[in-house]
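One structure coming up, written as structure tokens, with questions to follow.
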Amino acid sequence: MANQVEKTLNKVLYQLLQSERYVLLSTIEHQTCTPMVNAISWVYASTESSIRLAIDNRSKIVENIRQNPSVVVTLISDDSTYAIKGEAIIEHETIDNVPLKLSMIELKIEEVRDIMFYGSKITSAPKYEKTYDNKAAKKLDNQVMKALKM
């Protein structure tokens, strides 16, 4: 049985991406032209066909996107694993009203593919916790997510 492939996020994935979520972002490393994977959590689906990401603007990720805008966001949820492929654009070099130097990346979705191997399902989604000051983390997360939603 072939895995499901869509052109946009379904309702469940769109809802999941309305708040901070653990995802993997794959880019092409600009110096070696090899895959590079990073875990990020500041992610927001602005529409069913677009995802916004907040990335430290000094990160290699941003330079990778400048050199090659093809990216994949991997999301583990809803009993499965999804690869969300598209073209990334640096929408804002620096996000206003956020104390960190973050860039806003806009991913125009080309394909959403269920990549879970046959005959299996995810029984629990990944969980994480911030390991620095909870109050500061919550304040920063709120600022970043508010900026991504504008």
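Would you be able to say whether some residue in segment 6-18 is in contact with a Ser or Thr (Cβ under 8 Å, 6 or more places away or on another chain), modelled with pLDDT of 95 or more and assigned to a strand (DSSP E or B)?
No, that holds for no residue.
Filter segment 76-95 down to residues that are under 20 Å from Arg21 (Cα atoms) and either touching a His at 6+ places or on another chain (Cβ under 7 Å) or outside any strand (DSSP E or B) (or both), then give me how many there are.
3
Oh, and also: Hey, among Val62, Val73, which residue is in a strand (DSSP E or B) and modelled with pLDDT of 95 or more?
Every option except Val73 fails the conditions.
Here's another thing I want to ask about it. Could you pull out the residue among Glu6, Glu87, Glu29 that is closer than 22 Å to Lys149 by Cβ, in contact (Cβ under 8 Å) with a residue 12 or more places away in the chain and charged (D, E, K, R)?
Answer to the selection: Glu87.
Restricting segment 117-150 to residues that are closer than 16 Å to Leu53 by Cβ and not charged (D, E, K, R), which is surrounded by the most Cβ atoms within 10 Å (Cβ to Cβ)?
Applying the filter and picking the extreme gives Leu148.
Considering each of Ile55, Ile51 in turn, give the residue that is in contact (Cβ under 8 Å) with a residue 40 or more places away in the chain, of a type in the set (A, V, I, L, M) and over 30 Å from Gly119 (Cβ atoms).
Ile55
If you go through segment 96-106, how many residues are within 15 Å of Arg58 (Cβ to Cβ) and either modelled with pLDDT under 95 or not in a loop (DSSP other than H, G, I, E, B) (or both)?
Residues that pass the stated criteria total 7.
Follow-up question, since we're still on this one. If Leu24 satisfies all but one of (1) part of a loop (DSSP other than H, G, I, E, B); (2) of a type outside the set (D, E, K, R); (3) under 25 Å from Asp141 (Cα atoms), what's the number of the condition it fails?
If we test Leu24 against (1) part of a loop (DSSP other than H, G, I, E, B); (2) of a type outside the set (D, E, K, R); (3) under 25 Å from Asp141 (Cα atoms), just (1) comes out false.
Tell me the residue from Val72, Val37, Val62 that is surrounded by 17 or more Cβ atoms within 10 Å (Cβ to Cβ), of a type in the set (A, V, I, L, M) and closer than 18 Å to Arg21 by Cβ, please.
Residue meeting the stated conditions: Val72.
Among Glu106, Glu110, Glu93, which is more than 19 Å from Ser41 (Cβ to Cβ), surrounded by 12 or more Cβ atoms within 10 Å (Cβ to Cβ) and in contact with a strand residue (DSSP E or B) (Cβ under 7 Å, 6 or more places away or on another chain)?
So the residue among Glu106, Glu110, Glu93 that is more than 19 Å from Ser41 (Cβ to Cβ), surrounded by 12 or more Cβ atoms within 10 Å (Cβ to Cβ) and in contact with a strand residue (DSSP E or B) (Cβ under 7 Å, 6 or more places away or on another chain) is Glu110.
Here's a follow-up. Taking into account only those residues within segment 112-138 that are acidic (Asp, Glu) and over 23 Å from Val71 (Cα atoms), which is nearest to the chain's Cα centre (by Cα)?
Among those that are acidic (Asp, Glu) and over 23 Å from Val71 (Cα atoms), it is Glu129.
The values are calculated or read from the model by the stated rules, or taken from the named source; none is laboratory data. Note that the coordinates shown come from a computational prediction; the quantities given were computed from them, not determined experimentally. Don't worry about glycine lacking a Cβ; one is built from the backbone with ideal geometry, like all the others, and counts go over all protein chains shown.
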